[in-house]
Amino acid sequence: MPEDWIKPADHDRPAFCSIGLPDAERLPPEYPIPAIFIDQNKQNAVAEKFNLMRSEKILALCPGAEYGEAKRWPASYYAEVAQA
């Protein structure tokens with residue numbers, strides 16, 4: 001992706017926060033930083049349910065797409081990732 005694909009309205013705010021804000025509007029003083037939270041109990045339950053060995057690598061692929069084929073990877077891409 002080109003470096004200038006998404007440019008912030010000014011240099012004081014990141015591009016991902018600039019999207020959707022009017023050019024003159026400033027960012028709030030604090031904005032949430034995306035993070036993944038893992039519930040260890042749920043992780044253990046899934047491993048047990050599917051008889052997964054925790055000592056082995058686990059790969060989960062989610063091939064669906066909300067807007068159908070336009071946003072979906074081709075099956076061959078998933079196969080390549082799974083084989084790797």
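Note on segment 64-75: residues that are open to solvent by 70 Å² or more (accessible area, probe 1.4 Å) and either in a loop (DSSP other than H, G, I, E, B) or hydroxyl-bearing (Ser, Thr, Tyr) (or both) total 4.
Within segment 45-73, the residues that satisfy the criterion of being within 25 Å of GLN83 (Cα to Cα) and over 19 Å from the mean Cα position of the chain (by Cα) are VAL46, ALA47, GLU48, LYS49, PHE50, ASN51, LEU52, MET53, ARG54, SER55, GLU56, LYS57.
Considering segment 12-43, the residues that are out of contact with any helix residue (DSSP H, G or I) (no Cβ under 8 Å at 6 or more places or on another chain) and aromatic (Phe, Trp, Tyr) include one that is modelled with the highest pLDDT, namely PHE37. When LEU61 is tested against (1) assigned to a loop (DSSP other than H, G, I, E, B); (2) loosely packed, with under 10 Cβ neighbours inside 10 Å; (3) of a type outside the set (D, E, K, R), only condition (2) is not met.
The values are calculated or read from the model by the stated rules, or taken from the named source; none is laboratory data. Since the structure is predicted, the reported quantities are computational estimates derived from the model, not experimental observations. So basically every Cβ, Gly included, is an ideal-geometry build from the backbone, and we count neighbours across all protein chains shown. We work out accessible area using only protein heavy atoms, side chains counted, and drop any ligands, DNA or RNA first. Shrake-Rupley method; radii C 1.70, N 1.55, O 1.52, S 1.80 Å.
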